[in-house]
């Protein structure tokens, strides 16, 4: 499994929107791009996918911007990544299927399928709210360390 820059940016942006959502405000692409140091144009492409995947909703106009489509506790890392990643869980290729199909089946069942399930389970246990809570705790620790 490989998570691309697009996947990492999507998670960061959704977490940043969750931070602003607590104030019930729309947040602009420019604001998020500046906050996270991400290209606005690239972020707009990511947001188009997140909107299509029902993770974000948008509003046009002078007070427009983005909000989460649902509460951060209901959006999992798995959902975000599945929306923006083209090949998050590529099937494992077989190397010995023709010459030793029983070994290929054993590897698939005991290694690759089990690994895919573990990764999926781990990512479905972590919500955007969990990411936000952890980030806020880190922010608090950094502020504390700054004033020491």
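What follows is calculated from the coordinates using simple rules that are stated; it is not laboratory data. Computed from a predicted model, the values in this text were never measured in an experiment. Backbone-built Cβ (ideal geometry, glycine too); neighbour counts: all protein chains shown.
Hey, fewest Cβ within 10 Å first, where do 83, 111 land in order? Provide the component values of the computation, followed by the final result.
Working: 83 20, 111 11.
The most exposed by this proxy come first: 111, 83.
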- Based on DSSP H runs of at least 4 residues, each adding -39500 (n - 2.57), what is the mean residue ellipticity at 222 nm of the chain after dividing by all its residues, to the nearest 500 deg cm²/dmol? -18000 deg cm²/dmol
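Fewest Cβ neighbours within 10 Å first, please rank 28, 20 accordingly. It would help to have the intermediate numbers written out before the result.
Numbers: 28 15, 20 19.
Ranked by crowding around the Cβ, least crowded first: 28, 20.
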- Item | the chain - percent relative contact order, Cα under 8 Å, separation 6 or more | 29 percent
- Query: When only alpha-carbon atoms count, how far does the chain stretch along each of its three principal axes, as whole angstroms with the largest first?
  - Reply: 63, 43, 26
- Task: With the Cα gyration tensor of region 1-73 in hand, give its eigenvalues times 5 under a square root as the equivalent ellipsoid semi-axes, listed largest first in whole angstrom.
- Result: 18, 14, 12
